[in-house]
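Written below as structure tokens is the structure these notes are about.
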Amino acid sequence: MFTAQNLISICITSILTAGLYAVMSYGLAIIYGVMKVINLSNAGFLMLGAFMTLVYSQAWHLDPIAGAFLNMPIFFVVGWIVYVSLVRRVRQALPIASLLMLFGLWLVLQNVALAVWGSEDQSIITRYTYKALAFFDYRIAVTRLVVFAVALAVMAILHVVLNHTYVGKALRATVQDPQAALLAGIDTERISALAFGIGTAFAGFAGGLMTLQFSFTPDFGASFQLKSFTIIVLGGLENLAGVTIGAAILAFAESFAVLFMRASLQNVVAYALLVIALIVMPGGVASMFGRRS
Amino acid sequence: MRIRGLARAAVGALVVPVLLVALVTPGRPAAMPEIKIGTVLPLTGAFGSSGGYFKQGYTMAIDDVNKAGGLQVGGQKYHVTLIILDDGSDGTRSRSLVEKLVTDQHVGFLLGGYDTSLVEAQEVVPDQYKIPYVEGGGAASGIFKRGYKYIFGTLATIYNLGKITMEFLTTQIAAGHLPKPLTIAVVWENTDHGKDYVDAVTDAAVQHPDLFRIVLNQSFQLNGSDFSPLLQQVKASNAVAFLSDAHLPDFITMHRQYLQAGLYHQFVSYGARGPDQKGRQALGPGADYLIAGLWWTPALKDPASQLFAERYTREYKAVPDWFQALSFETARALLAGISNAGALDGPKVRDALAHLTLRSMLPGGEIKFGSDGQIKAPYVIVQTTPGNTVRIVWPAHLPETRAVTLPMPRP
Amino acid sequence: MTAVRLSPASAAAPALGVVLALVPLFAPHNITVLNLGFFTFLYVAQGLAWNILGGFAGYVSFGYAAFFGLGAYTTALLWLHGWAPVLTFPLAGLCAAAFSLVVGVPTLRLIGPYFSIATIGVGEAMRILMLNLDNITGGASGLNLPTVVPSKGWFYLAALVVAAVAYVTAVWVRGSRFGLGLAALRMDPDAAETLGVRTALFKNVAHVISAFLVGVCGGLFAMYFQYLHPDNVFSFTESISLVLIALIGGIGTIWGPILGAAVFFAVQDYLQTSYPTFHLLVYGVLLIVILLFEPRGLAGLAARIAGRRRVPAPIAVTPAAPGTVAPPSTPGGAS
């Protein structure tokens, strides 16, 4: 069980999984970073992203990757609308209000999907679903590689946007210090709507990508929701780049934990890390405890 | 005045359609008494597709009886009404709905739900109200170890599924198709179902240490989404045979990830999974050459099985799995019990069921319940073959049994 | 400790309780009514209990199923060892309360939303752990409990008693200095602290009290259901039911959870036979609508109709009328 080959194999899968986890969590991180709102409907949009990709695949035989990219503008618009109509109105209240409202939205999304598509397990099979690449002694599923590559590409684009465009810099400024950003002439309301749109777009995109690896039902997304939150907490809540670190930590922890315990306890790793990280977290934790750092 | 006119119009608007509907609907002949049978199935939720199949089987059997003029009980013919409720695959709701059926809808008899965990939640109710309960969806032996008198099951225990899988392996080792000792990696869903299975596998390994060596024994969470860490361990264990006890959604997810990870074993069995239509659609050629132990298969050539398979294909335009056949036979068993009792009295029907011997298309040819209420019936083992076909490979004495292809061909 | 003021609302509850208690006398064989009553009262009790932490103190927990489940399994295991089930209820409550202390001390230090997320993690982790602790809980096989139980009428009355206890507790908490302290720390924890309110202690006491009550409910449920499985009693659905009941009914009020539980079960019962999960859609929509327009839920709606205006809800989104206490305009803590 602890042979070098096995351990290296686990490392490879962990890295690939981390890529997917990072993309999945970015939406949550952006929304949280800009407006300190915990978007519990992220799971719902993840699930809808998967189902929309299914629709494209069934109607136009569109590859899931193309479907995932197609989701981006659509979900951006949806996110913008959700922000303007729902979230903006509760932002002045205690943060728990926005959390609960988005939770309500998650319930609605889940049950609408249930009504439309039923509760059957869905999956998308492509020409390359069962193909694997041989890499020395290791076999890597093509779908995992593709998901990882696409995730990397998108994050690189995001990095460029955040650092080299006005919108990106305005976003980062708002994350760092909303009051100062306001003083600097940035329309923070517009930025917030933008952030929510981007966050939702990412959720839809990730949902589409995940159809390559998982089958899904309207309940899809619930366990990933908690994992996403674990990831952004681990990575440092204010830190967009930290998402990749958090994703890597979780992916490695999950894969290696199975060596030491029952596989049926796999998800407890994420939950335990979440709770421990929330309580013990270094860095951004000061803001969570109600005091300015 | 206008209000009265409106009210009259409203009443008319309601009454007229109702009258029309009542005239047009082919109801049962007036004054034919009815028997109400209730069932709570998972029509949505994790077990939704299987629950749907059970609904088909139950409905087919009850329609048969009604079309033949009703069920003969004592000197009277009765129209049979089936009331189906959906528990959404939730245990608490399942039990509440069964109780509702008894207390609100006053059903006289119950047909069971699908899946061990839901049946175990439901089975508390029948004895309390002395309502006979016949199920074909829960196979774990734990269901029948609680001392209930009104519970009957047409599914042979999962322990036997594991046992005959190991017996089949013994014959294959003896025939030289598989190495000796055979290294086995066994994974099982963390439920009563899985526990039955792994108990049988480990028992066989303990009894025949020269034949079997278990190199991996791991449980996994029901309805999981990512089995890669588990499959990683399976790979690292370097076993020759891979045994897994899983329900349909987990089977599809796990085997897809198995294939993607490039795993290969000479013998692969997912318990009772493999020929399921949904699985074959999702996995394509990846689902070929799997070994499955089944309570029934359309590959059985006896007239009753063939008749059922053809009829199902005609009505539903698909190939039946064991779900539909078992639910059909389960309903038939209950109806036979009621008929044999000659009365609609719960305890009398219960006794009739306890002594029932019913000819059936299930392997073994008959339905007969043991003293704990569970059927004693054999399994057949099949191997899935290319082109969405199956071939029966065990027991040897069946005329339709063919040779098995082992070791599995490499992809 | 201020006396509990006797207003029409608080006199109505005991009267209602007496009326409800007489129902089994008049309809001893109407199992439907008795079952519905049992579940409604059980959830009224849990809703009132949850509200002590969630409404009064403002800490919304999504993980109360852990307490319900622990209470249920405590009763179950003791019962299997020969205890009379009724005697196990206080222990069920104590077990849940002890666990709430273990979990609460570290997590209650987090503010609002982070506490909520942490509770989701704890709740789900407990469920999976219980599924795997075969030697103690029977794991995924579930626990089969003795089949000799009292009548449905008995369960109806027992649940009513538990609901009454929860009601009295909630009323007492709200009218006491302890309750005042909870309200203070909900509105502004730092100010409360400087005023001498021992926020950490108060939060944890509230958590313990409500967990105790929910644990007792779990024990009663185990006795009724006679079969326990972690997926039934530790489920996320159980946890969110409590949140929904309190929110829809009116968070932070006394009658809120009562109304909420009644509506919750009425809707679920009505929809259950046709669409088993449709009621969650209804609740999701209700939740959004309530948060946008009437954060005090149904109780607030009723109060508004009756023409009364009081302190705004803990999660009000509209500014308060002049002369009343306004909620903080920035999220408590960091901006």
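The values are calculated or read from the model by the stated rules, or taken from the named source; none is laboratory data. Source: prediction; values computed, not measured. Note: ideal-geometry Cβ built from the backbone for every residue, glycine included; neighbour counts use all protein chains shown.
Which one is nearest to the other protein chains (Cβ to nearest Cβ), of the residues in the range C:293-335 that are closer than 21 Å to residue C:57 by Cα and at pLDDT 75 or above?
C:295
Rundown of residues vs (1) buried (at least 20 other Cβ atoms within 10 Å of the Cβ); (2) more than 21 Å from residue B:129 (Cα to Cα); (3) of a type in the set (S, T, N, Q), yes/no style:
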residue	(1), (2), (3)
B:345	no, no, no
B:353	yes, no, no
B:358	no, yes, no
B:365	no, yes, no
B:368	no, yes, no
B:376	no, yes, no
B:383	yes, yes, yes
B:395	no, yes, no
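Of these, B:210, B:226, which one is within 19 Å of residue A:267 (Cα to Cα) and either part of a strand (DSSP E or B) or acidic (Asp, Glu) (or both)? Show your work before the answer.
On the way: B:210 fails: within 19 Å of residue A:267 (Cα to Cα).
Checking each option against the conditions leaves just B:226.
Name the residue, out of C:123, C:104, that is buried (at least 22 other Cβ atoms within 10 Å of the Cβ), in contact with a Gly (Cβ under 7 Å, 6 or more places away or on another chain) and not basic (Lys, Arg). Step through it out loud before you land on a result.
Values: C:104 fails: in contact with a Gly (Cβ under 7 Å, 6 or more places away or on another chain).
Of C:123, C:104, the one residue that is buried (at least 22 other Cβ atoms within 10 Å of the Cβ), in contact with a Gly (Cβ under 7 Å, 6 or more places away or on another chain) and not basic (Lys, Arg) is C:123.
Do any residues in the range A:273-285 that are among the β-branched types (Val, Ile, Thr) and buried (at least 16 other Cβ atoms within 10 Å of the Cβ) have Cβ atoms under 8 Å from those of residues that are at pLDDT 70 or above and in a loop (DSSP other than H, G, I, E, B), where the two are at least six apart or on different chains, and which pairs are they?
Short answer, once both residue conditions are applied: A:279/C:109; A:279/C:110.
Based on what the data block shows, is residue C:103 of a type in the set (Val, Ile, Thr) and more than 7 Å from every other protein chain (Cβ to nearest Cβ)? Quick ask: steps written out before the conclusion?
Details: of a type in the set (Val, Ile, Thr): yes; more than 7 Å from every other protein chain (Cβ to nearest Cβ): yes.
It is true that residue C:103 is of a type in the set (Val, Ile, Thr) and more than 7 Å from every other protein chain (Cβ to nearest Cβ).
Looking at (1) without any contact (Cβ under 8 Å) to a residue 40 or more places away in the chain; (2) within 12 Å of chain B (Cβ to nearest Cβ); (3) in a helix (DSSP H, G or I), find the lone condition where residue C:35 falls short.
Answer for residue C:35: the failing condition is (1).
Let me spell it out: the conditions are (1) crowded, with 22+ Cβ neighbours inside 10 Å; (2) within 14 Å of chain C (Cβ to nearest Cβ), and residue B:92 meets all of them except one. Which number is the exception?
Tallying (1) crowded, with 22+ Cβ neighbours inside 10 Å; (2) within 14 Å of chain C (Cβ to nearest Cβ), residue B:92 fails exactly one: (1).
For (1) in a helix (DSSP H, G or I); (2) within 17 Å of residue C:167 (Cα to Cα), each residue gets a yes or a no:
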| site | (1), (2) |
| --- | --- |
| C:240 | yes, no |
| C:251 | no, yes |
| C:259 | yes, yes |
| C:280 | yes, no |
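Of the residues B:352, B:333, B:282, only one is part of a helix (DSSP H, G or I), without any contact (Cβ under 8 Å) to a residue 40 or more places away in the chain, out of contact with any Cys (no Cβ under 7 Å at 6 or more places or on another chain) and closer than 30 Å to residue B:107 by Cβ; which?
Numbers: B:333 fails: without any contact (Cβ under 8 Å) to a residue 40 or more places away in the chain; B:282 fails: closer than 30 Å to residue B:107 by Cβ.
B:352 is the lone residue from the list that is part of a helix (DSSP H, G or I), without any contact (Cβ under 8 Å) to a residue 40 or more places away in the chain, out of contact with any Cys (no Cβ under 7 Å at 6 or more places or on another chain) and closer than 30 Å to residue B:107 by Cβ.
In the range C:200-235, what residues are of a type in the set (Phe, Trp, Tyr) and not in a helix (DSSP H, G or I)? Step through it out loud before you land on a result.
Taking the range C:200-235 and keeping what is of a type in the set (Phe, Trp, Tyr), we get C:202, C:212, C:221, C:224-225, C:227, C:234.
Passing the criteria: C:227, C:234.
Could you list, in sequence order, all residues of the range B:248-279 that are in contact (Cβ under 8 Å) with a residue 24 or more places away in the chain and polar (S, T, N, Q)?
If we filter the range B:248-279 for residues that are in contact (Cβ under 8 Å) with a residue 24 or more places away in the chain, which is where we start, we get B:248-259, B:261, B:263-279.
B:253, B:257, B:266, B:269, B:277 - these are the residues of the range B:248-279 that are in contact (Cβ under 8 Å) with a residue 24 or more places away in the chain and polar (S, T, N, Q).
Any residue at all in the range B:115-128 that is within 13 Å of chain C (Cβ to nearest Cβ), free of Cβ contacts under 8 Å to residues at least 24 places away in the same chain and outside any loop (DSSP other than H, G, I, E, B)? Working first, answer last.
Residues of the range B:115-128 that are within 13 Å of chain C (Cβ to nearest Cβ), as a first pass: B:115-128.
Next, only the ones that are free of Cβ contacts under 8 Å to residues at least 24 places away in the same chain stay: B:128.
Remaining after also requiring outside any loop (DSSP other than H, G, I, E, B): B:128.
Scanning the range B:115-128, I find at least one residue that is within 13 Å of chain C (Cβ to nearest Cβ), free of Cβ contacts under 8 Å to residues at least 24 places away in the same chain and outside any loop (DSSP other than H, G, I, E, B), so the answer is yes.
Report every pair of residues separated by at least 6 positions or lying on different chains whose Cβ atoms are under 9 Å apart, first residue within the range C:161-174 and surrounded by fewer than 22 Cβ atoms within 10 Å (Cβ to Cβ), second outside any helix (DSSP H, G or I) and among the aromatic types (Phe, Trp, Tyr).
Cβ pairs passing all conditions: none.
Being more than 21 Å from the chain's Cα centre (by Cα) and free of Cβ contacts under 8 Å to residues at least 40 places away in the same chain narrows it down to one of A:133, A:100, so name that one. Give the derivation first.
Details: A:100 fails: more than 21 Å from the chain's Cα centre (by Cα).
Just a single option satisfies the conditions, and that option is A:133.
So residue A:74 ticks every box in (1) surrounded by fewer than 18 Cβ atoms within 10 Å (Cβ to Cβ); (2) modelled with pLDDT under 85 but one. Which box is left unticked?
Unmet for residue A:74, out of (1) surrounded by fewer than 18 Cβ atoms within 10 Å (Cβ to Cβ); (2) modelled with pLDDT under 85: (2).
Between C:183, C:96, which is in contact (Cβ under 8 Å) with a residue 60 or more places away in the chain and buried (at least 22 other Cβ atoms within 10 Å of the Cβ)? Steps first, please.
Working: C:183 fails: buried (at least 22 other Cβ atoms within 10 Å of the Cβ).
The unique qualifying residue is C:96.
Checking residue B:176 against (1) surrounded by 21 or more Cβ atoms within 10 Å (Cβ to Cβ); (2) out of contact with any helix residue (DSSP H, G or I) (no Cβ under 9 Å at 6 or more places or on another chain), which single condition isn't satisfied?
Only one criterion in (1) surrounded by 21 or more Cβ atoms within 10 Å (Cβ to Cβ); (2) out of contact with any helix residue (DSSP H, G or I) (no Cβ under 9 Å at 6 or more places or on another chain) is unmet by residue B:176, namely (1).
Considering only residues that are more than 7 Å from every other protein chain (Cβ to nearest Cβ) and assigned to a helix (DSSP H, G or I), look in the range A:113-143 and name the one that is surrounded by the most Cβ atoms within 10 Å (Cβ to Cβ).
By that ranking, first place goes to A:113.
I'm trying to understand the selection: among the residues of the range A:87-109, which are facing chain C (nearest Cβ under 7 Å), farther than 11 Å from residue A:38 by Cα and part of a helix (DSSP H, G or I)?
Selection gives A:89, A:90, A:104, A:105, A:107, A:108.
Run down B:142, B:176 and say which single residue is free of Cβ contacts under 8 Å to residues at least 60 places away in the same chain, over 15 Å from residue B:207 (Cβ atoms) and touching a strand residue (DSSP E or B) at 6+ places or on another chain (Cβ under 9 Å). If you could, list the steps in order and put the result at the bottom.
On the way: B:176 fails: touching a strand residue (DSSP E or B) at 6+ places or on another chain (Cβ under 9 Å).
After ruling out the rest, the residue left standing is B:142.
Can you name the condition, by its number, that residue C:37 falls short on among (1) over 24 Å from residue C:251 (Cβ atoms); (2) surrounded by 23 or more Cβ atoms within 10 Å (Cβ to Cβ); (3) modelled with pLDDT of 95 or more?
Just one mismatch for residue C:37, condition (3).
For the range B:174-192, which residues satisfy the criterion of being away from every other protein chain (no Cβ under 14 Å) and either at positive phi or assigned to a loop (DSSP other than H, G, I, E, B) (or both)?
Listed by number, the residues that qualify are B:175, B:176, B:177, B:178, B:179, B:180, B:181.
Please specify each residue of the range C:124-148 satisfying the condition of being more than 18 Å from residue C:219 (Cβ to Cβ) and small (Gly, Ala, Ser).
C:125, C:139, C:140, C:141, listed by residue number.
Looking only at the range C:47-93, count how many residues are at positive phi and surrounded by fewer than 24 Cβ atoms within 10 Å (Cβ to Cβ). Spell out the reasoning first.
We begin by selecting, within the range C:47-93, every residue at positive phi; these are C:58, C:82.
Checking which are surrounded by fewer than 24 Cβ atoms within 10 Å (Cβ to Cβ) leaves us with C:82.
The number of residues fulfilling the criteria is 1.
Residues of the range B:65-89 being surrounded by 17 or more Cβ atoms within 10 Å (Cβ to Cβ) and in a loop (DSSP other than H, G, I, E, B), which ones?
Selection gives B:70, B:87, B:88, B:89.
Please determine whether any residue of the range A:201-221 is free of Cβ contacts under 8 Å to residues at least 60 places away in the same chain, more than 25 Å from residue B:232 (Cβ to Cβ) and more than 10 Å from chain B (Cβ to nearest Cβ).
no
Is it the case that the range C:75-94 has a residue that's under 14 Å from the mean Cα position of the chain (by Cα) and at pLDDT 90 or above? Working first, answer last.
To start, the set of residues in the range C:75-94 that are under 14 Å from the mean Cα position of the chain (by Cα) comprises C:93.
Then keep just the ones that are at pLDDT 90 or above; that gives C:93.
Yes.
Pairs under 9 Å by beta carbon, first residue modelled with pLDDT of 95 or more in the range B:307-321, partner surrounded by fewer than 13 Cβ atoms within 10 Å (Cβ to Cβ), six or more apart or different chains?
Note: pairs meeting the criteria are B:312/B:318.
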